[in-house]
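The structure under discussion appears below in the form of structure tokens.
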């Protein structure tokens, strides 16, 4: 049975209406306006800021002495243990001295023998002198011959020469005696400095041979004062100089700062000691280059130990109690009389969000800028644009002058007040939903913390 004509028309009308509604929905969806992004802000706070060169260092003893043995023999006694504190001159070890004592006795006997020979020769010399005087008197009276006179004169000269030879032998024997006494003294090893025993290399009963090189018995170190050896990269070594304040922390006490003053910077990297002349150029071009910077720190309680790792910071500049904003809040550079070119890259001004301009990453102090000497105000190069949350809750541009910039926070010299909120980024609704509705604290995005 065929449907009636009115019912067929009604179905066509309904279908056309459904299609029209669907098209309207699609068009509305395509023409919808995106939701305005939500800005992330950070307040302007007051705090301290410092510009540093960071490096990794190693703690060394201020003075480290290797105590060796100059005498060969068996170690009969070791008087110290690891960690003992000794004074200069304290006995550390004793070596069997039988051989040295025998050598000393032989040297003493040889010296006494030569001295006895000289005593005999002195008597002979006296006799020759008397005989010569007689011959001289008799020759004047023509009571003796010229031959007898000359013979007496020759015997006298011979006796005098023998005395001089014996005197030389006596000096030789005395030198040998001094050497024998020194060798005997070398069997008693004493501390050359005040310090702490940081290594015991030998042990009792061990036989040491000092004929070729001095064998090490112990190592002494002065630990009430330690030296920190920091490795400074070639990019940073040009920024530091002796006399700058420096501090470091250790892995065991990251919250405790040890402070000192930079003493010296080595003119060449440590690797130069092991590089040959022909290969030094190629090796330096293919590997990182570091220069050792040294400074000393008091260590009265002995907390700092040899070979500890130190996280070193050389302080280039500092500012206390100043206004701070996150470095990511900086926009494009601006002149002293107004904003810079619109094309300047920076966060919130055409650049990628959260990216700092290259020149803003270099910390600088306006008062120390070279332009000041040329008659141009140093502050001119430190004007930047930022976006500040206005009273209506909308961001508005503002020109500020900055001081120190350590790459994380920036010192504000002009243009902002404490409590102002600067824009550090933007978060869209989609990004906020993707994060599960948990908005990040602007202070977690590089801003300063109170």
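The values are calculated or read from the model by the stated rules, or taken from the named source; none is laboratory data. If you're wondering where the values come from, they're calculated on a predicted model, not measured in any experiment. Heads up, the Cβs are rebuilt from the backbone with ideal geometry, glycines too, and the neighbour counts pull from every protein chain shown.
Of note:
- Take the conditions (1) modelled with pLDDT of 90 or more; (2) touching a strand residue (DSSP E or B) at 6+ places or on another chain (Cβ under 6 Å); (3) not in a strand (DSSP E or B); residue 363 misses just one of them, which is (1).
- Flag if residue 89 is under 33 Å from the mean Cα position of the chain (by Cα) and in contact (Cβ under 8 Å) with a residue 40 or more places away in the chain: yes
- The residues on offer are 169, 212, 160, and the sole one that is without any contact (Cβ under 8 Å) to a residue 40 or more places away in the chain and either under 34 Å from the mean Cα position of the chain (by Cα) or part of a helix (DSSP H, G or I) (or both) is 160.
- Residue in the range 189-198 that is modelled with pLDDT of 90 or more, assigned to a loop (DSSP other than H, G, I, E, B) and under 29 Å from residue 111 (Cα atoms) present: no
- When each of 125, 111, 82, 78 is tested for being touching a helix residue (DSSP H, G or I) at 6+ places or on another chain (Cβ under 7 Å) and in contact (Cβ under 8 Å) with a residue 40 or more places away in the chain, the lone residue that passes is 111.
- Some residue of the range 10-32 being under 60 Å from the mean Cα position of the chain (by Cα), at pLDDT below 80 and over 30 Å from residue 412 (Cα atoms): no
- Listed conditions (1) under 16 Å from residue 312 (Cβ atoms); (2) surrounded by 15 or more Cβ atoms within 10 Å (Cβ to Cβ); (3) modelled with pLDDT under 95 are all met by residue 275, apart from (1).
- Unique residue being under 25 Å from residue 398 (Cα atoms), under 30 Å from the mean Cα position of the chain (by Cα) and at pLDDT 50 or above when the list is 319, 358: 319
- Matching entry among 207, 187, 216 (being crowded, with 18+ Cβ neighbours inside 10 Å and in contact with a strand residue (DSSP E or B) (Cβ under 7 Å, 6 or more places away or on another chain)): 187
- Flag if residue 181 is out of contact with any strand residue (DSSP E or B) (no Cβ under 9 Å at 6 or more places or on another chain), surrounded by 14 or more Cβ atoms within 10 Å (Cβ to Cβ) and either over 23 Å from residue 58 (Cα atoms) or at pLDDT 90 or above (or both): yes
- Looking across the range 109-132, just one residue is more than 30 Å from residue 174 (Cα to Cα) and at pLDDT 90 or above, and that is 130.
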